[in-house]
1. Got a number for residues in the range 37-65 being surrounded by 16 or more Cβ atoms within 10 Å (Cβ to Cβ), over 15 Å from Lys110 (Cα atoms) and touching a Pro at 6+ places or on another chain (Cβ under 7 Å)?
2. Given the structure, is Gly88 within 14 Å of Val127 (Cβ to Cβ) and of a type in the set (Gly, Ala, Ser)?
3. Based on this model, can you work out whether Thr81 counts as within 18 Å of the chain's Cα centre (by Cα), under 20 Å from Val117 (Cβ atoms) and surrounded by 11 or more Cβ atoms within 10 Å (Cβ to Cβ)?
4. Mind telling me which of the residues Val127, Val117 ends up being outside any helix (DSSP H, G or I) and surrounded by 12 or more Cβ atoms within 10 Å (Cβ to Cβ)?
5. If we scan the range 63-74, do we find a residue that is within 10 Å of the chain's Cα centre (by Cα) and closer than 22 Å to Ile129 by Cβ?
6. Mind listing just one residue for me: the one in the range 1-59 that is among the small types (Gly, Ala, Ser) and part of a strand (DSSP E or B) and, of those, nearest to Ile130 (Cα to Cα)?
7. Enumerate the pairs (first residue in the range 109-131 and in the same structural domain as Arg93 (by TED's automatic domain parsing); second residue anywhere and buried (at least 17 other Cβ atoms within 10 Å of the Cβ) and charged (D, E, K, R)) with beta-carbon separation below 6 Å, excluding pairs fewer than 6 apart on the same chain, so at least 6 apart or on different chains.
8. Ile87 versus (1) touching a Lys or Arg at 6+ places or on another chain (Cβ under 7 Å); (2) buried (at least 17 other Cβ atoms within 10 Å of the Cβ); (3) modelled with pLDDT of 95 or more; (4) outside any helix (DSSP H, G or I): which is the lone unmet condition?
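The values are calculated or read from the model by the stated rules, or taken from the named source; none is laboratory data. Just so it is clear, the structure is predicted and the values come from calculations on it, not from any experiment. Heads up, the Cβs are rebuilt from the backbone with ideal geometry, glycines too, and the neighbour counts pull from every protein chain shown.
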Amino acid sequence: MVRIDVKYEGKLRCTATHVTSGKKLITDAPLDNHGKGESFSPTDLLATSMLTCIMTIIGIRAKKREINVDGMLGSIEKTMTTNPRRIGKLEVRINLPKNLSLENREWLIKEGCDCPVCFSINQTMDVNIIFVE
């Protein structure tokens, strides 16, 4: 179990502390929802969690087969929708290293898409994951 403590700082800003490590992060409400947009919003963190989870799982699986995926890059675009306000769409792009064999590439893609965050996302959200060579 992991505990995260959060303090509301006012002006739509929160500071979250990862209790085990003591690391902190700040969230702000986005510009389109009354905020300053000076840091990640809570929905930005959800999107970031999905991308980093996929990439982390790929890294874990690659290590087991001694496949080097250092330098792998990714990006995610989040689109909000209304009624209710929520994440409507996530566009994920992951650039795998070019030197992977077809077999390793296909295996890592399958493994990466089996990440816990992907399994936790609401089925009403449109998620598109693209792996780029």
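1. Total meeting the criteria: 1.
2. yes
3. In short, no.
4. The match here is Val127.
5. Yes: the range 63-74 contains one or more residues that are within 10 Å of the chain's Cα centre (by Cα) and closer than 22 Å to Ile129 by Cβ.
6. So the first thing to find is which residues in the range 1-59 are among the small types (Gly, Ala, Ser), and the list is 10, 16, 21-22, 29, 35, 37, 39, 41, 47, 49, 59.
Imposing the further condition that a residue be part of a strand (DSSP E or B) reduces the set to 10, 16.
On the way: Gly10: 38, Ala16: 31 Å.
Filtering the range 1-59 for residues that are among the small types (Gly, Ala, Ser) and part of a strand (DSSP E or B), the one nearest to Ile130 (Cα to Cα) comes out as Ala16.
7. Glu111/Arg61
8. Going through (1) touching a Lys or Arg at 6+ places or on another chain (Cβ under 7 Å); (2) buried (at least 17 other Cβ atoms within 10 Å of the Cβ); (3) modelled with pLDDT of 95 or more; (4) outside any helix (DSSP H, G or I) one by one, Ile87 breaks only (3).
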